[in-house]
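As structure tokens, the structure follows; a few thoughts come after it.
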Amino acid sequence: MEANDPVVAAARALEAGELVAFPTETVYGLGADAENPDAVARIYAAKGRPQNHPVIVHLAPGADPGYWADDIPPEARQLMHAFWPGPLTLILRRASRIPAAVSGGQDTIGLRCPAHPVAQALLRAFRQGSGGVAAPSANRFGHVSPTTARHVRDEFGDGPDAPVRHVLDGGQSEVGIESTILDLSRMATHGPVLLRPGRITASDIAAVIGRQPALPDAAAPRASGTLESHYAPAAPVALLPAETVAEVVRRLAAAGKRSALIRRTVAAGQAPAEFAIAMDAQGYAHDLYAALRAMDAVHADIILVEAPPADEAWQGVNDRLRRAAHDSNGVLARLLQRQEG
Ligand code: TXA
Ligand code: MG
């Protein structure tokens with residue numbers, strides 16, 4: 001590899017304790033050396049994220065998970081075999097040699113081996129593939145996750161003083177929503193627990209381990225991607241059944257309000273700004289964050305989203321949409337009321 005290869009330069013920056021943004025197949029990550037607590041602290045500072053939130057550690061293909069985690073259950077090995085490299089994060093018991101900083105002080109650790117070739121090249125170049133790169137999504141806390149290098153620069157700026165000087169460009173992330181997170185750290189007492197839905201579904205997991213994961217309980221490890229309000233654009237977001245979209249757009253216009261619409265099945269040409277998103281769940285997930293960013297950029301009073309189907313294939317998408325809309329409860333009603341009341 002050339003010394004001026006951006007991936008090699010980024011690996012050297014990671015080794016020096018700096019931050020590197022890099023593409024994965026789910027979303028872009030903001031990486032730091034997982035074994036360097038000062039470097040991990042820089043991630044929290046750049047994101048404006050609370051220090052007690054754990055971050056996922058990314059491993060090169062073929063790396064030894066046993067270096068990072070203790071008491072790895074056989075189900076974890078089966079899932080790594082089936083889905084790594086890929087969009088599945090496993091929560092395991094943290095090995096005592098690993099600094100608590102990556103886990104927000106918890107005794108667990110989140111591990112994932114990404115499938116994106118640029119992520120893999122970076123992980124192989126970083127400490128010759130023996131290190132781990134701690135990386136949350138490369139966005140400011142609570143914002144929409146980035147699925148392109150441009151989104152990352154929009155989040156952190158790209159001037160000489162920007163907190164993130166290395167942004168590797170690997171094109172648009174293929175999956176588009178964050179990895180599925182499965183907690184296997186409490187197998188004996190709680191069994192497998194699905195902390196965050198994603199491309200890999202509960203049924204996909206059950207097909208491998210012969211057991212359906214449970215939904216999170218109060219004692220489950222904390223996951224910030226599971227906060228009710230998250231993945232949110234600046235404009236309020238409202239989810240609408242397809243059959244009400246036309247009427248709501250019309251009433252908003254009559255009230256002098258500008259709406260932006262992410263439409264799936266309804267006809268074009270209704271709202272002042274529109275994004276036509278894919279019909280199928282995987283295509284929808286691929287475009288979801290770019291759609292939210294694009295509709296946010298038109299500075300509408302509200303972003304309307306035609307609600308997609310509710311079945312399992314849509315669970316990851318519906319989870320992110322519900323969180324994006326969470327702080328907007330009642331906004332649509334208020335926008336409409338003002339004119340009609
Ligand atoms: O697809 C993804 O997972 C992306 C890419 C970059 O890999 N990363 C990502 O990271 O979404 P982040 O930090 O935005 O979300 C990671 C989630 C958070 O909800 C975090 O709390 C949870 O993983 N997590 C990480 N380590 C954990 C642990 N030890 N216990 C419980 N949750 C953990
Ligand atoms: Mg995130």
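On the accessible surface of the range 1-125, probed at 1.4 Å, how many percent belong to carbon and sulfur atoms?
Solvent-exposed carbon and sulfur of the range 1-125 make up 51 percent of the total.
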Tell me the mean residue ellipticity at 222 nm calculated for the chain from its helices only (DSSP H runs of n ≥ 4, each -39500 (n - 2.57), averaged over every residue, nearest 500). -9000 deg cm²/dmol
Comparing Ala325, Ala95, Ala188, which has the greatest mean-square fluctuation in the GNM of the chain with Cα pairs linked when under 10 Å apart? Ala188
Largest fluctuation, Ala39, Ala238, Ala162 only, Gaussian network model of the chain with Cα springs under 10 angstrom, belongs to Ala162
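Starting from the Cα gyration tensor of the range 1-149, take the square roots of the eigenvalues, sort them a ≥ b ≥ c, and report rounded, prolate or oblate (rounded when a/c is under 1.5, otherwise prolate if a/b is larger than b/c, else oblate). Working shown, then result.
Details: a/c = 1.38, a/b = 1.14, b/c = 1.22.
Rounded, because the longest to shortest axis ratio a/c is under 1.5.
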For the range 86-158, just the Cα set please: Rg and Dmax, both in angstrom. 14.1, 38
Would you work out if the range 141-183 is rounded, prolate or oblate? Take a ≥ b ≥ c from the square roots of the eigenvalues of the alpha-carbon gyration tensor; rounded if a/c is under 1.5, else prolate when a/b is larger than b/c, oblate otherwise. prolate
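Per the Cauchy relation, a quarter of the hull surface: what is the mean projected area of the convex hull of the alpha carbons in the range 265-341, in nm²? Intermediate results must be reported in sequence, preceding the final value.
Working: hull surface 23.0 nm².
That works out to 5.8 nm², a quarter of the Cα hull's surface.
Ignoring ligands, DNA and RNA, what percent of the accessible area of the range 185-341 is carbon or sulfur (1.4 Å)? Walk me through the intermediate numbers first.
Values: 3740 of 7000 Å².
Carbon and sulfur atoms account for 53 percent of the accessible area of the range 185-341.
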For the range 232-288, what value does the Rg/Rh ratio take when both radii are computed over Cα atoms and Rh is the Kirkwood radius, given to two decimals? 0.96
Report, for the chain, the % of DSSP beta bridges that are antiparallel, rounded to 5. 45
Scaled radius of gyration (Cα, divided by 2.2 N^0.38 Å) that the range 127-250 gives: 1.36
If r is the Cβ-Cβ distance from Val8 to Asp280 and R0 is 41 Å, what FRET efficiency results, to the nearest 0.05? 0.60
Considering every pair of different Cα atoms, what Kirkwood radius, in Å, is found for the chain? 20.7
Just to be sure I follow: if Rg is taken over the C-alpha atoms of the range 16-82 and Rh is the Kirkwood radius over the same atoms, what is Rg/Rh? 1.00
Given an 8 Å cut-off on Cα distances and at least 6 residues of separation, report the relative contact order of the chain as a percent. 18
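The values are calculated or read from the model by the stated rules, or taken from the named source; none is laboratory data. Not measured: the values here are computed from a predicted model. Reconstructed Cβ throughout: ideal geometry from the backbone, glycine too, with neighbour counts over all protein chains shown. These area figures cover heavy atoms from the full protein model, side chains too; ligands, DNA and RNA do not enter into them. Shrake-Rupley method; radii C 1.70, N 1.55, O 1.52, S 1.80 Å.
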